[in-house]
Amino acid sequence: MTTEYVAGTVSRSGDAAPAVRETGLRDHGGPVDVDGHDVRGVGPIVLLHGLMGRGRTWRRQIPWLRRHGRVFTFDAAFHTGADVAAPDDVAELSTERFVADLAEILVWIDQGPAVLVGHSMGGLHAWCTAAAYPEMVSALVIEDMAPDFRGHTTRDWTPWFDSWPERFGSVEQAQQMFGEVAGRYFFEAFDDGRLHGDLQIWTELAEEWARRDFWSQWRAVDVPSLLIEAGNSVTPPGQMRTMRSLQQYADHLCVVGAGHLVHDDAPDVYQGAVEAFLSALPR
C-alpha cells in the first residue's frame, strides 16, 4: 500500500513547514517476511527524478525495488504543478537548495541511512547529498549524470520549448513529439496532459550546470555507488568512467543502445544491475 504524507517537516529555518505536502512524499512500502511483517532490507530507498520528471514516473521500478527496502518517492521543488511560482531569490534554484530539501526528507523518513537512486538531475542531487550529509546516505545509484557540463547551455532549448502545446491531449500526442519512451515518461509526469512546472524555471536550474562543476562533491562521496550510463548518453564523453576511477567503491555500467531514460529504455538491464548492486549491500 502506498502512503502519502501530508504533515509538515522541518524547514531550513527550523520552523514547521508543509514541505511534505508540497512534494507529495509517498511511502510505497517495502519487503515483508512470510508472516507479513516488515523487513528492513537495505533500509529506505529514495527515488529522485530528473529535470523534467516527477516522483510518479518511477512507477515501473517501485514493485521490484520494494523487495530490497522501503521505497519513497517525491516531487522536487518546482516540479509540483503548473501553478508553481518562480522564487524571489535565485539561490532557491541552486543545487544546494535541493540537497537541503532532500536532507529534510531523509530526516522526516527517519529510518536510518538511505540508498539514493537518482536519474539525471536526481543523480546529481543524490551524490551532493552524500557528500554534504554522509551520515544520511548508505549507497548511491546514479543514472546518466556527470559532474561537469560547463559550456553546455540550455538556452538553445527555447525554440523547442516554444513548440510545445499548452496541453497534450493523449500519451500518443506526447509520444509523437518526444518518442515512445520519453513521451510516456513525460505524459505520466504531466497533470492531465499539462506541464507540471515552468519551463523557464527548469531552464534556469539546468543553466547552473553550465556555470560550475561538481567534481569536488563527487570526490567527497565515500559509499558504494553504481554508475549507469546510457549508450546514447547526454553526459560529456568519458566523465562517468572518470567518476568510477575516482571512487574506490564505485562500479560503472554503460548500457549500449539505451537512451537517457535507461530505466525505461532498457528496463531489464537496469533492473538486473540495480538488484545485483542492492543485493550486495549489507542488510
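The values are calculated or read from the model by the stated rules, or taken from the named source; none is laboratory data. Model, not experiment: these values are computed from the prediction. Cβ placement follows ideal geometry from the backbone for every residue including glycine, while neighbour counts extend to all protein chains displayed. Protein only, heavy atoms only, side chains kept; ligands, DNA and RNA dropped before computing areas. Shrake-Rupley method; radii C 1.70, N 1.55, O 1.52, S 1.80 Å.
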- request: Binning at 10 Å from 0, report for the range 34-180 what percent of all alpha-carbon pair distances ends up in each bin.
  value: 10, 34, 33, 18, 4, 0
query: Residues with amide H under 5 Å of H252's amide H, sequence separation 5 or more or different chain, H placed in the peptide plane at 1.01 Å from N; which?
result: L227
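Sort the following peptides by mean Cβ neighbour count (other Cβ atoms within 10 Å, averaged over residues), highest first: 193-199, 47-53, 118-124.
Working: 193-199: 17.9, 47-53: 23.9, 118-124: 25.6.
In decreasing order of mean packing, 193-199, 47-53, 118-124 become 118-124, 47-53, 193-199.
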message: Explain nothing, just compute: Karplus ³J(HN,Hα) = 6.51 cos²θ - 1.76 cosθ + 1.60, θ = phi - 60°, for every residue of the range 75-89 in order, whole Hz, x for Gly and Pro.
response: 9, 5, 3, 6, 10, 9, x, 5, 8, 5, 9, 5, x, 6, 10
Answer label for Cα extents along the principal axes in Å (calculated), chosen among [x] 53, 42, 39; [y] 51, 38, 37; [z] 83, 40, 31: [x]
task: Return the calculated 222 nm mean residue ellipticity for the chain, to the nearest 500 deg cm²/dmol, obtained by summing -39500 (n - 2.57) across DSSP H runs with n ≥ 4 and dividing by the residue count.
output: -10000 deg cm²/dmol
query: Residue by residue through the range 137-146, which ³J(HN,Hα) values in whole Hz follow from phi under the Karplus form 6.51 cos²θ - 1.76 cosθ + 1.60 (θ = phi - 60°), with glycine and proline marked x?
result: 10, 9, 6, 9, 10, 10, 10, 6, 9, 10
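How do V223, V107 rank by accessible surface area computed with a 1.4 Å probe, from largest to smallest?
Details: V223 20, V107 80 Å².
Order by accessible area, largest first: V107, V223.
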query: Once amide H atoms are built 1.01 Å from N in the peptide plane, which residues 5 or more positions from G29, or in another chain, come under 5 Å H to H?
result: T3, V71
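Using heavy-atom solvent-accessible surface (probe 1.4 Å) with all chains present, what is the largest-first order of C128, C254?
On the way: C128 10, C254 60 Å².
Order by accessible area, largest first: C254, C128.
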task: Read phi for every residue in the range 185-199 and hand back ³J(HN,Hα) as whole Hz from Karplus 6.51 cos²θ - 1.76 cosθ + 1.60, θ = phi - 60°, with x for Gly and Pro.
output: 4, 5, 5, 5, 7, 5, 9, 6, x, 9, 3, 9, x, 10, 4
query: Per-residue accessible area for R97 at 1.4 Å probe radius, Å² rounded to 10?
result: 40 Å²
- prompt: Using modelled backbone amide H atoms (1.01 Å from N, in-plane), which distant-in-sequence or interchain residues come within less than 5 Å of V141's amide H?
  reply: L116, V117, G118, L226
